[in-house]
Each structure stands twice: as C-alpha cells, then as structure tokens.
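Heads up, the thing below is written out as structure tokens.
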Amino acid sequence: MDIKPWLTEISKGKQPFVIAGPCSAESPEQLLAVAMALKNNGIDLMRAGVWKPRTRPNSFEGYGPKAFEWIKVVKAHTQMRFAIEVATADHVELALKEDIDLLWIGARTTVNPFTVQEIADALKGVNKPVLVKNPINPELALWLGAIERIYKAGIKRVGAIHRGFSSYQQSKYRNQPYWQIPLSLKSQFPDLPLIGDPSHIAGKRSFIQEISQKAMDLGYDGLMIETHPDPENALSDAQQQLTPAALEQLLADLRVSKRSSNNTLFVNQLEGLREKIDNLDQELIDTLATRMKLVEKIGEYKKDNNVTVFQLERWQEIIQSRPEWGQKQSLNYDFIAELFKIIHDESIRLQTDIVNKDTPNKS
Ligand code: PEP
Ligand code: MN
C-alpha cells in the first residue's frame with residue numbers, strides 16, 4: 001500500500017484531528033445541539049451512528065435512514081461534515097446517496113472478510129475517506145487485511161481507528177487497548193492516519209482523558225470522541241459519552257507534543273544519548289551471548305550426568321533474586337521478572353537442544 005498522509009488536508013494541520021459527536025443520532029435537536037457546540041470549538045467533522053450494531057436483540061439499533069433527514073437539516077444549518085459507520089454494502093449505497101463525508105467500518109464488521117469485501121466492492125470508484133476500526137479480537141492481520149481490501153477498491157484516503165479489543169478478563173477499561181497492536185500497524189505504515197477512539201476503549205467517561213493523553217503521547221493523528229448533549233440519557237453508550245463542554249475541557253487539557261524538532265541543540269543532545277544507548281545495547285548483547293555460552297556448557301554437564309534441564313530450585317532462586325537486584329537499581333520489579341522469564345525460556349530451549357542432540361530416535 002502506498003498511503004499518502006491525506007489526513008492533513010482535511011484536518012488543516014490541526015493536531016489532534018478530532019471527530020466528535022453522539023454514539024447514535026437520536027433526534028434533530030440532539031444533532032443540532034452537538035453540531036453547534038462542536039463548531040464553536042473548531043470541530044467540523046461530526047460522528048453520528050445511523051445503524052448501531054448491538055450485542056443483544058431488542059436494544060436500540062439506530063434510527064436508520066430517518067436519521068439522514070436530520071443530518072441533512074443540520075448540515076444545511078451549520079455546514080458540519082458528517083461521519084457514519086457502515087456495516088453492509090446497502091449502508092454504503094445509502095450513505096453515498098446522502099453525501100455523507102466520511103465512512104467508517106466498525107469493529108464487529110472488520111472481523112468478517114466477506115462483509116468487508118462487499119463493502120469494498122460497493123466503494124469502487126468512490127472518492128471518500130474511509131476509516132477502519134480494529135477488529136474486536138486482538139489480531140493485527142485482520143485489521144490490516146480489512147484496510148487492504150478498502151485500499152484495493154481504490155480508496156486512497158484510508159485510515160485506522162483504534163477502539164481497543166475485547167477480552168474475557170475483567171479489566172479497568174471496557175476494551176483492552178493493547179497499544180502494541182496499533183503501534184505495529186503504524187510502524188509498518190507510517191503515513192496511515194491513526195485515530196484513537198478513547199470512548200470505546202474506556203467505556204466510562206472518567207477514563208477518556210488519560211486514554212486520549214496516551215494516544216497523543218504515542219503520536220496518534222487524531223481522536224474520535226463520543227459527545228452527547230445529555231450523556232446520562234443517551235440511547236446507546238450512555239456511560240462513556242461526554243458533554244460538548246467536557247470535550248472542550250478535555251481538549252484544552254491535552255498535552256500535544258510534536259513528532260520531532262529541528263532545534264539543533266535538541267537534535268545534537270538526542271543523537272549523543274542515542275549513541276550511548278547503542279553502545280550499551282551492544283554490551284547487553286555481548287553479555288547475553290557470554291551468558292548463553294555458559295548455559296550451553298551447563299547443558300553439556302546435565303547431559304553427561306543425566307540430570308533434567310529444568311531445575312526448579314535454581315529457577316525459583318533466579319526469579320526471586322533478579323527482580324530484587326533490579327529494584328536496588330530502581331528498575332521496575334515486573335519488568336526484570338519478565339525479562340528473566342524470557343532469558344530462562346531461551347536457556348531451557350538451548351539446553352533441551354543439547355540434551356537431545358545425538359540421542360537415538362526411539363520411535
Ligand atoms: C461506535 O462507534 O459507536 C461503535 C459501535 O463502535 P465499535 O465498532 O468500535 O464497537
Ligand atoms: Mn458507541
């Protein structure tokens with residue numbers, strides 16, 4: 001994929017680029033109230049769910065095409081641009097007929113390559129930006145695959161929305177962020193716009209600020225934040241929507257750093273420190289290589305003496321002492337414990353190879 005950094009055109013260089021608006025379009029009054037407040041705050045792309053994918057039947061599933069009538073009125077009144085979720089080829093067709101400005105594919109759709117392909121086919125020859133939310137399960141390939149399908153349909157203005165991943169485990173947030181997944185996507189495609197969706201990660205208003213800040217610290221291009229004039233009484237996602245005033249406060253409090261700086265002093269200092277880190281990394285690798293040589297030698301002794309590779313007491317001693325040594329150097333306990341688990345796994349792998357080498361095949 002040859003993706004151009006297209007978002008700067010529509011964001012007019014604003015950082016972060018913000019898409020805000022209600023989870024669902026509920027009434028013309030609701031849409032107008034949000035649109036006017038957002039416009040006052042310099043935001044001119046508004047989200048509004050027309051069709052809502054809901055987990056259980058008999059929940060509010062969006063007003064469907066009726067909502068387009070309201071959107072039309074609000075557009076005429078405020079010049080607001082609109083973004084909606086499409087989940088089928090029919091949705092695409094209707095949204096295009098209504099001249100919706102940006103489309104996005106929801107998390108429950110991204111998981112299904114057949115549906116994504118149908119949507120991609122319906123988008124052939126269309127000149128609208130399309131954003132793809134991550135799939136609900138933590139799988140980068142599925143996310144990337146959906147983006148590729150849209151791109152191959154000829155949509156060059158394609159981007160990604162990170163809304164977090166479902167997990168069976170109870171956790172602080174409604175969806176686990178697993179930040180390394182969107183960051184891998186970003187490192188493969190640096191110009192692919194990456195938008196954070198702190199509302200769906202958080203599930204709760206009070207966490208939206210910290211998640212938005214984290215997204216900014218990681219260099220995300222934009223944020224999509226659910227905004228409703230009366231969040232408590234919203235027909236969907238009531239606990240995670242912000243009032244327009246709360247959104248304004250959140251954006252004012254957000255610390256937005258530049259990706260890089262041309263300041264010569266900064267660049268020189270950074271280079272000097274990175275050079276030191278490069279040298280230390282080389283030393284770390286030399287030390288690891290020396291350690292693994294000793295591990296191999298022990299493997300030979302274990303083989304000669306017919307002793308098991310895994311020695312419980314030794315492992316217990318390592319996993320207890322190393323994090324404590326680390327703590328004395330102000331290193332995080334869990335970090336050192338994790339690191340030594342990886343080192344120990346590799347030691348076991350090396351020794352297992354040695355013990356099994358030249359052993360006659362018994363089968
Ligand atoms: C939404 O944006 O309201 C929505 C349903 O999101 P997701 O696809 O991330 O669950
Ligand atoms: Mn929602």
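Brief remarks on what is shown
- Computed with every protein chain present, the accessible area of Glu275 is close to 120 Å² [probe 1.4 Å].
- The separation of region 207-278 from region 17-51, counted between C-alpha centres, amounts to 20 Å.
- Segment Gln239-Tyr168, extension gain: residue separation times 0.36 nm, minus the distance between their alpha carbons: 23.5 nm
- Potential extension, Ala289-Asn306 segment - 0.36 nm per residue separation minus Cα distance: 3.6 nm
- Coordinate range along principal axes, alpha carbons of region 25-127, Å, largest first: 40, 36, 22
- Principal-axis analysis of the Cα atoms of the chain puts helix 140-152 at an angle of about 40° to the longest axis.
- Per residue, in Å², the accessible surface of the chain once ligands and nucleic acids are set aside, probe 1.4 Å: 55 Å²
- Solvent accessible area, Å² - Phe335, 1.4 Å probe, full protein context: 110 Å²
- Within region 7-253, antiparallel bridges make up roughly 5 percent of the DSSP beta bridges whose residues both belong there.
- Solvent accessible area, Å² - Phe17, 1.4 Å probe, full protein context: 10 Å²
- The Glu139 and Trp325 beta-carbon pair, evaluated with R₀ = 25 Å, returns a calculated FRET efficiency of approximately 0.10.
- Computed from the C-beta positions of Gln180 and His77 and an R0 of 30 Å, the FRET efficiency is 0.10 to the nearest 0.05.
- Helix content alone sets the calculated 222 nm mean residue ellipticity of the chain: runs of n ≥ 4 DSSP H residues at -39500 (n - 2.57) each, divided across all residues, give -16000 deg cm²/dmol.
- Accessible surface, 1.4 Å probe, highest first, among residues Leu38, Leu312, Leu284, Leu96: Leu284, Leu312, Leu96, Leu38
- Legend: translational diffusion of the chain by Stokes-Einstein, Rh = Kirkwood radius over C-alpha pairs, 4 °C, 1.567 mPa s; D = 55 µm²/s.
- Accessible surface of the chain [probe 1.4 Å, protein heavy atoms]: carbon and sulfur percent: 53 percent
- Largest to smallest accessible area among Ile10, Ile100 [probe 1.4 Å]: Ile10, Ile100
- Full-extension gain in nm, Asn356 to Lys152, via 0.36 nm per residue minus C-alpha separation: 68.6 nm
- At q = 0.10, 0.11, 0.18 Å⁻¹, base-10 log of I(q)/I(0) for region 219-363 (Debye sum, equal scatterers on each alpha carbon): -0.72, -0.77, -1.10
- Debye log10 I(q)/I(0) at q = 0.16, 0.19, 0.29 Å⁻¹ for region 268-322, Cα point scatterers: -0.68, -0.80, -1.06
- Counting only Cβ charges, +1 for Lys and Arg and -1 for Asp and Glu, the dipole size of the chain around its Cα centre is about 240 debye.
- Helix axis angle, 312-328 relative to the chain longest principal axis, alpha carbon, degrees: 60 degrees
The values are calculated or read from the model by the stated rules, or taken from the named source; none is laboratory data. Because the structure is predicted, anything quoted here is derived from the model rather than measured. Glycine also receives a Cβ, built like all others from the backbone with ideal geometry; neighbour counts cover every protein chain displayed. Just so you know, the surface numbers come from the protein's heavy atoms only, side chains and all, with ligands and any DNA or RNA stripped out. Shrake-Rupley method; radii C 1.70, N 1.55, O 1.52, S 1.80 Å.
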